[in-house]
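Participant: Below you'll find the structure I mean.
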Amino acid sequence: MDIFDLLFKYRKAVNIALGVIAVLFVSWIFAYEPVTRNFVAQDAVCNYCHLPWEFNSDERLTATKPHLAHPDDKTSQATCVDCHLPEGWWNTTYAYTHFLSVTDLFGHMRDRDSERAGDWIPPRAATAYRVRDRMFENDSNTCRTCHVEAEIKFTRERGVNAHKLAIKEKKTCIECHNNLVHRPVDVRANAFKKASPSDG
């Protein structure tokens, strides 16, 4: 008796099994992002490696300023994934590669470009540079998840003028708001350079 005879003999059980697998697969596709964002990638998981006083605004002697998740709710606090994990099914995978240190441990342990220039970059600064570069490349898409340009209410004339200039020059959020929450790190000289057509 070959495999096809067995499948034919137990076709009802095979059909049920395939149906269950299909339902589980489709459910997983739809649940993957919300489950990861809301249950897996919690601040407590991030703080297992990242020092809480550098990244949690409610820690004693913290180096981090609060960033409200909802401007009208003064008690709300944005979570790590709100700013560091762009929305989207494929982007969600970054959480797991980051947890496994595939994204940070390998290839990012040193700022090789700066080392070639003869500089040594402290790990904290190298981390800030990587995050800023990623946000710059993605047009600050995590900022835009919550902040809508047309709905921003300015408290000073300076903010109105700065945003008008940013729109005119096609700047993205991170170019100006680069030390918004975490411990300040100076912007490096060659940051936020758009690739020109001649760069190939």
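Listed here are the residues, each with its yes/no results for (1) farther than 24 Å from TYR94 by Cβ; (2) at pLDDT 80 or above; (3) out of contact with any Leu (no Cβ under 8 Å at 6 or more places or on another chain).
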site: ARG37; (1), (2), (3): no, yes, no
site: LEU51; (1), (2), (3): no, no, yes
site: THR64; (1), (2), (3): no, yes, yes
site: HIS70; (1), (2), (3): yes, no, yes
site: ASP73; (1), (2), (3): yes, no, yes
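Participant: Also, quick follow-up: If you go through the stretch 137-171 one residue at a time, how many are outside any loop (DSSP other than H, G, I, E, B), in contact (Cβ under 8 Å) with a residue 12 or more places away in the chain and polar (S, T, N, Q)?
Facilitator: The initial filter retains those residues of the stretch 137-171 that are outside any loop (DSSP other than H, G, I, E, B), namely 137, 141-146, 149-151, 157-168.
Narrowing the set further to residues that are in contact (Cβ under 8 Å) with a residue 12 or more places away in the chain leaves 141-146, 149, 162-163, 167.
Cutting the leftovers down to polar (S, T, N, Q) gives us 141-142, 145.
Result for the stretch 137-171: 3.
Participant: Moving to a separate point now. Whether any residue in the stretch 114-126 is closer than 25 Å to ASP72 by Cβ and at pLDDT below 90 is what I want to check.
Facilitator: no
The values are calculated or read from the model by the stated rules, or taken from the named source; none is laboratory data. This is a predicted model, so every value here is computed, not measured. Note: ideal-geometry Cβ built from the backbone for every residue, glycine included; neighbour counts use all protein chains shown.
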